[in-house]
Amino acid sequence: MLREEYDLLGKRSLPAEAYWGIHTLRAIENFPISGRTVSDCPHLVRALAATKEALAIANGALGEITEEQARAIVRACQDVRAGLLHDQFPVDLLQGGAGTSTNMCANEVIANRALEHMGHPKGSYVHLHPNEHVNCGQSTNDVYPTALKIALISQVREFLPVLETLIGSFDKLAADYRNTIKIGRTQLQDAVPMTAGQEFGAYANTLRRELAALDTLADELGEMNLGGTAIGTGIAAHPELGERACAELAEITGFNIRLAEDRIAATQDMGAFVALSGGLRSLAVKLSKIANDLRLLASGPRAGLGDYSLPERQAGSSIMPGKVNPVMAEALNQTCFEVIGADLTTTMAAEAGQLQLNAFEPVIYLSLERSLRQLGRAVGLFDQFCIQGLQVNSAQLQNHAENSLSLATVFLPKIGYVKATELAKRARQEARTIGDLAIEQKLIDKDGIAHLIWKATGVNDQDERAAENRKSRKVAAP
């Protein structure tokens, strides 16, 4: 069965059972581009419903719509937030019109669900209209960016625990191998001794900084231009709508939502999106570097570095029997490449905005949503199937450390630069270890070598500094 609806372009027929209406129908026809629809993004669907619910409550309290209309709209929005009707948002994420199709789809779905709650059939807009009532005091230009920000805050909040779990896995490796000596490397050449625990701890700490930054960036998304309508001036909206709606939205979502001081600036400013994109790019760079390190450190199994062994997940070749590849690290690398590329898309879209509105918010959201979604999956899988099963090849680490010519640096405090250089040169020429030559020349004994190597890692000094920092913080606390 069909029903007929009208808009400024004329009359169209659409499925009678559809909650969406004529504007959505035209958008379905106009934008079959990315293959991902609003329905595929539950965070965005719920964010749209939360935004419309907050506005309906505020408009009802201000007398802009009737109490019956406000109650029906709120019930419809709560249905959507509870998971109902998510399939009724078939508009492609990539769309022209600065998000108008998404906003109108939300208006139509919520209006028709609200009509059902009021006892009327879908499409009987004389009782409750998508534009007149659901969209009362609103424009796509304040509703759409608000919903995008709510959706992205939700995604970031879901992603951070995944990243935190990976950090915890590196912390565990750092603790487990705190005393395992290995050789550090710079420019792919032997450098000086360190511990495997220090290597893993460095990964944990560099990621911990990114986690804290993303947490801050998510909070910065909470500044909204609600009530600003078309360009931020508030035309056609009650003067108190923005403040009241932001308060309701904070209550509904539990997020730190507040009204922008300058809604004209906020309507055209994409800075919060660009900052989040930059934060994801920074994290992706670090994650990819870590994946690169581990692929190199686990190279082999017999002709590579072989410091570590990564879990074997699948056969690595269709022609070479027994070959196993570091596929989880490679998958993370590729995901990070996409995130870095998406950051350029976001940057260019933000820069391309003109005058009082940026028309390219759809591709900004598409880029950020995909980055968060794919990075969350890749990080979780990398942690589960790679880091949690990583094995440290202690014998190989010891062999590398004992045979490295860079141990000459360790002996500097004991024998000086000139004598250390002579030892390194002779060790290279005679294919012997620096330690054996030093003992042979009675420059130092075996225990002395072990002491110097351990001292060179700085582990005890680091522990002491950390303890002092903890003590200072405790003393300074009120």
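FYI, it's all coordinate maths here, none of it is from the lab. Just so it is clear, the model here is predicted, and its values are computed rather than measured. Neighbour counts run over all protein chains shown; Cβ positions are idealised from the backbone, glycine included.
Ranked by the mean number of other Cβ atoms within 10 Å of their residues, highest first, the peptides 96-106, 228-238, 47-57 fall in the order 47-57, 96-106, 228-238. Of the residues Val143, Val379, the one with the fewest other Cβ atoms within 10 Å heads the list, and the complete ranking is Val379, Val143.
Could you list Met194, Met328 so that the one with the fewest beta carbons within 10 Å of its beta carbon is first and the one with the most is last?
The most exposed by this proxy come first: Met194, Met328.
Sequence-ordered 3J(HN,Hα) estimates for the stretch 111-121 from the Karplus curve with 6.51, -1.76 and 1.60 and θ = phi - 60° stand at 4, 5, 5, 5, 4, 4, 5, 8, x, 10, x Hz, glycine and proline given as x. By the helix-only formula, in which each DSSP H run with n ≥ 4 contributes -39500 (n - 2.57) and the sum is divided by residues, the chain has a 222 nm mean residue ellipticity of -20500 deg cm²/dmol. Taking other residues whose beta carbon is less than 12 angstrom from the beta carbon of Ile183, and scoring Lys, Arg as +1 and Asp, Glu as -1, yields -2. Across the chain, the relative contact order, built from alpha-carbon pairs under 8 Å that are at least six residues apart, equals 14 percent.
Close amide H partners of Ser139, meaning residues 5 or more places away or on another chain with modelled amide H under 5 Å apart, are Thr229. Across the stretch 13-136, C-alpha contacts under 8 Å between residues 6 or more apart give a mean separation that, scaled by the residue count, equals a relative contact order of 36 percent.
Between the stretch 119-182 and the stretch 82-107, how far is it from one alpha carbon centroid to the other, in angstrom? The stretch 119-182 and the stretch 82-107 have Cα centres spaced 16 Å from each other. What whole-number distance in Å separates the alpha-carbon centres of the stretch 191-227 and the stretch 264-343? Value for the Cα centre distance between the two parts: 16 Å. With both labels modelled 7 Å from their Cα along Cα-to-Cβ, the Thr233 to Asp87 distance reads 4.5 nm.
The residues Cys77, Cys41, when put in order of fewest to most other Cβ atoms within 10 Å, stand as Cys41, Cys77. Each residue of the stretch 435-451 is assigned a 3J(HN,Hα), and the resulting list reads x, 4, 5, 5, 5, 4, 8, 6, 7, 6, 9, 4, 5, x, 4, 4, 5 Hz, derived from the Karplus form 6.51 cos²θ - 1.76 cosθ + 1.60 (θ = phi - 60°), x at Gly and Pro. The phi torsions of the stretch 250-263, fed into the Karplus equation with coefficients 6.51, -1.76 and 1.60 and a -60° offset, translate into couplings of 4, 5, 5, 8, x, 8, 7, 8, 8, 7, 5, 5, 10, 6 Hz, rounded to whole numbers, with Gly and Pro shown as x.
Once volume of the Cα convex hull per residue in Å³ is worked out from the coordinates, which option in (1) 198; (2) 172; (3) 157 does it equal? Of the listed options (1) 198; (2) 172; (3) 157, (1) comes from this structure. Taking amide H as placed 1.01 Å from N in the peptide plane, the amide H of Ile65 sits under 5 Å from that of Gly60, each at least 5 places away or on another chain.
For the pair Gln78 and Asp176, label points projected 7 Å from Cα toward Cβ lie 4.9 nm apart. Towards the positive end of the charge dipole of the chain, with charges on Cβ (+1 Lys, Arg; -1 Asp, Glu), say which of Leu217, Cys105, Asn403 has the farthest Cα. Going by the charge dipole, the pick is Asn403.
For the stretch 190-266, relative contact order (Cα pairs under 8 Å, six or more residues apart, normalised by length) works out to 30 percent.
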